[in-house]
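Engineer: Shown below is the structure under consideration.
The values are calculated or read from the model by the stated rules, or taken from the named source; none is laboratory data. In this text the structure is predicted, and so the values were computed from the model without any measurement. Neighbour counts are summed over all protein chains in view; Cβ atoms, including those assigned to glycine, are modelled from backbone coordinates with ideal geometry.
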Amino acid sequence: MLRFAPSPTGDMHIGNLRVAILNYLVAQQRHERFIIRIEDTDKARNIEGKDTEIMQILEKFALKHDSVSHQSENLHMHQMFAAKLLEEGKAFVCTCTAEELEIHREKAKEQKIAYRYSGQCMDVDKKELALLKENGIPFVVRIKKPSTQIINHDLIKGDIVTSPNEVDSFVILRTDGTSTYNFACACDDMLSDVDFIIRGEDHLSNTPKQMHIKTQLGFTKETIYAHLPIILNNEGKKMSKRDDASSVKWLFEQGFIPDAIANYLLLLGNTKAPKEIFTLPEAIEWFKLEDISKSAARFDLDKLRFINREHLKMMKDKALSSLFGFADENIGKLAKIYLEEASTISELENKIKPIFTPKQFEGEWAEQMRIMEKIIADAPMIDTFDEFKSYIMEKSGLKGKYFFKPLRLLLTGAEHGPELSEIYPLIKSYLLEIAS
RNA sequence: GGCCCCAUCGUCUAGCGGUUAGGAUCCAUGGUUUUCAUCCAUGUUACCGGAGUUCGAGUCUCCGUGGGGUCACCA
């Protein structure tokens with residue numbers, strides 16, 4: 001069982017998307033189920049509607065899933081598990097206040113050592129719980145730190161050993177009774193029998209904590225972990241919301257298509273890809289998680305542009321034309337010609353749109369354009385560009401650049417562009433509309 | 001600062017003890033194109049440093065250095 005567990009606290013991040021794609025891919029390869037779990041336990045940071053937005057993006061990438069759930073629905077289960085740990089003496093009640101902890105934290109910072117929980121509530125008798133509740137004294141529940149080191153045989157990062165002190169006795173239930181991330185995550189993974197976890201490298205230090213929780217809860221099934229190296233921005237820092245390219249929404253707005261984005265994300269850090277341009281279904285055939293490089297990779301927009309163009313080239317003509325509001329194979333073919341000088345849908349749009357918008361009869365060539373417009377309006381339907389060219393030339397008496405420049409302007413709305421002889425056959429059925 | 005991870009062209013990477021260190025992208029130049037581009041050809045650019053092991057090290061070991069991640073009652 002695999003899962004994708006995003007939190008609805010912001011725009012879908014490119015790193016999250018990569019995690020989703022990889023989980024889906026591995027689920028397909030292993031013929032296992034793939035579920036979505038929205039991690040909405042932080043009520044304050046949840047943003048209304050982000051969950052559906054995430055689902056829409058998954059839809060666009062055709063990442064089929066078996067079910068969707070919200071983590072908050074499982075709260076009572078988390079509390080039950082916490083009570084079990086408390087009962088078995090594997091967790092304890094802690095009444096340290098935020099202020100007290102803050103003092104310890106600052107002290108640790110001054111001494112330049114890592115902050116660790118003092119352990120001062122560790123031996124509080126569980127019978128006191130009732131008393132605390134009775135008197136309305138706020139408390140949290142902490143799990144006792146492990147007694148031995150924890151080893152994670154990470155599929156990508158290799159064996160990672162963590163000492164008990166690094167895991168620490170951390171909070172699993174907050175003052176308000178809700179579960180913290182690590183606890184909720186471990187419980188839910190356990191409950192849905194998730195045994196293959198692919199996620200970002202930033203979760204590497206959470207892994208021993210979650211392994212510890214599951215062990216204490218008596219879950220013996222071995223979970224395979226794979227931690228993906230993070231994606232860096234141009235400055236070599238972790239991509240954050242500040243980086244435009246980190247937002248999937250932004251990439252869509254820029255005119256990148258899902259197939260290309262998925263291709264790029266799968267290629268990033270991949271050491272054994274048999275080719276550079278491929279689709280997700282193709283990648284399912286050969287992709288190996290173990291072949292992902294251990295080191296972080298920079299996001300390179302130029303490379304994405306290249307891949308996007310290649311995928312645009314592979315699109316069916318009619319489908320491509322629909323991106324510009326047509327259902328005409330010829331317009332798709334026209335767009336492909338313009339792919340010579342464009343890499344994204346929006347760049348393509350900037351080339352195609354001027355062809356179909358009324359022309360500006362001004363500037364150096366205005367007079368010649370007027371002449372040609374009139375000739376075309378009265379001309380019969382002409383099949384080939386050669387005949388068309390001869391016809392206009394003869395009627396107008398123009399030649400050389402005094403002929404080609406204004407003709408190009410009249411037909412395409414641009415001074416430069418692909419060969420008119422290639423464009424003409426594709427737009428001739430719209431000629432009257434265009435040449436005006 | 002503690003812990004953990006990483007280190008080959010600007011970028012993504014190949015290399016798994018002996019190579020003229022390869023590919024892709026980007027960039028530059030030339031040719032083709034009555035335009036810009038495409039296309040074709042060509043080219044610039046890389047093994048973080050230092051010890052050690054070895055006949056021989058980008059490749060193995062150690063130590064530096066650099067970069068990154070993470071250290072919450074966030075996820």
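Engineer: Assess whether A:Lys133 counts as being free of Cβ contacts under 8 Å to residues at least 24 places away in the same chain, part of a loop (DSSP other than H, G, I, E, B) and either more than 8 Å from RNA strand B (Cβ to nearest atom) or of a type in the set (D, E, K, R) (or both).
Structural biologist: No; evaluated as a whole, the condition is false for this residue.
Engineer: Moving to a separate point now. So which helices (runs of 4 or more DSSP H) are wholly in region A:289-403 and hold at least 1 residues that are farther than 18 Å from A:Pro425 by Cβ?
Structural biologist: Answer list for region A:289-403: A:301-314, A:317-322, A:345-356, A:366-378, A:385-396.
Engineer: Take the conditions in a helix (DSSP H, G or I), more than 9 Å from RNA strand B (Cβ to nearest atom), surrounded by 10 or more Cβ atoms within 10 Å (Cβ to Cβ) and hydrophobic (A, V, I, L, M, F, W, C) and apply them to A:Leu101. Does it pass?
Structural biologist: no
Engineer: If you don't mind, there's one more thing I want to ask. Does A:Lys127 fit the bill of being farther than 30 Å from A:Ile198 by Cα, free of Cβ contacts under 8 Å to residues at least 40 places away in the same chain and more than 38 Å from the chain's Cα centre (by Cα)?
Structural biologist: So A:Lys127 fits the description; yes.
Engineer: Scan region A:327-336 and tell me whether some residue there is of a type in the set (Asp, Glu), outside the structural domain of A:Ile307 (by TED's automatic domain parsing) and over 28 Å from A:Ile261 (Cβ atoms).
Structural biologist: No, region A:327-336 has no match at all.
Engineer: Checking A:Ser240 against (1) part of a loop (DSSP other than H, G, I, E, B); (2) over 26 Å from A:Ile57 (Cβ atoms), which single condition isn't satisfied?
Structural biologist: (2)
Engineer: Shifting gears a bit: In contact (Cβ under 8 Å) with a residue 40 or more places away in the chain, within 10 Å of RNA strand B (Cβ to nearest atom), under 18 Å from A:Ala82 (Cβ atoms) and polar (S, T, N, Q), is that true of A:Thr178?
Structural biologist: yes
Engineer: Next up: Under 7 Å between Cβ atoms, at least 6 apart or on separate chains: pull out the pairs that start in region A:98-116 with a residue that is assigned by TED's automatic domain parsing to the domain that holds A:Asp176 and end on any residue that is in a helix (DSSP H, G or I).
Structural biologist: Taking only residues 6 or more apart or on different chains, the pairs are A:Ala114/A:Ala108; A:Tyr115/A:His104; A:Tyr115/A:Arg105; A:Tyr115/A:Ala108; A:Arg116/A:Asn165.
Engineer: Test A:Asp11 against the criterion of being farther than 18 Å from A:Val248 by Cα and assigned by TED's automatic domain parsing to the domain that holds A:Pro281, and give yes or no.
Structural biologist: No; evaluated as a whole, the condition is false for this residue.
Engineer: To continue, here is another question. What residue, of A:Lys50, A:Lys127, A:Lys107, is modelled with pLDDT under 95 and within 30 Å of A:Thr279 (Cβ to Cβ)?
Structural biologist: None of the others qualify; the one that does is A:Lys50.
Engineer: Here is a further query. For the list (1) in a loop (DSSP other than H, G, I, E, B); (2) within 15 Å of RNA strand B (Cβ to nearest atom); (3) surrounded by 19 or more Cβ atoms within 10 Å (Cβ to Cβ), I need the number of the one condition that A:Ile261 fails.
Structural biologist: Exception for A:Ile261: condition (1).
Engineer: Condition check: in contact with a Pro (Cβ under 7 Å, 6 or more places away or on another chain) and charged (D, E, K, R). Does A:Lys272 satisfy that?
Structural biologist: In short, no.
Engineer: When both residues are 6+ apart or on different chains and their Cβ atoms are under 8 Å apart, which pairs have a first residue that lies in region A:324-349 and is over 21 Å from A:Asp302 (Cβ atoms), and a second that is of a type in the set (S, T, N, Q) and surrounded by fewer than 17 Cβ atoms within 10 Å (Cβ to Cβ)?
Structural biologist: A:Asn330/A:Ser429
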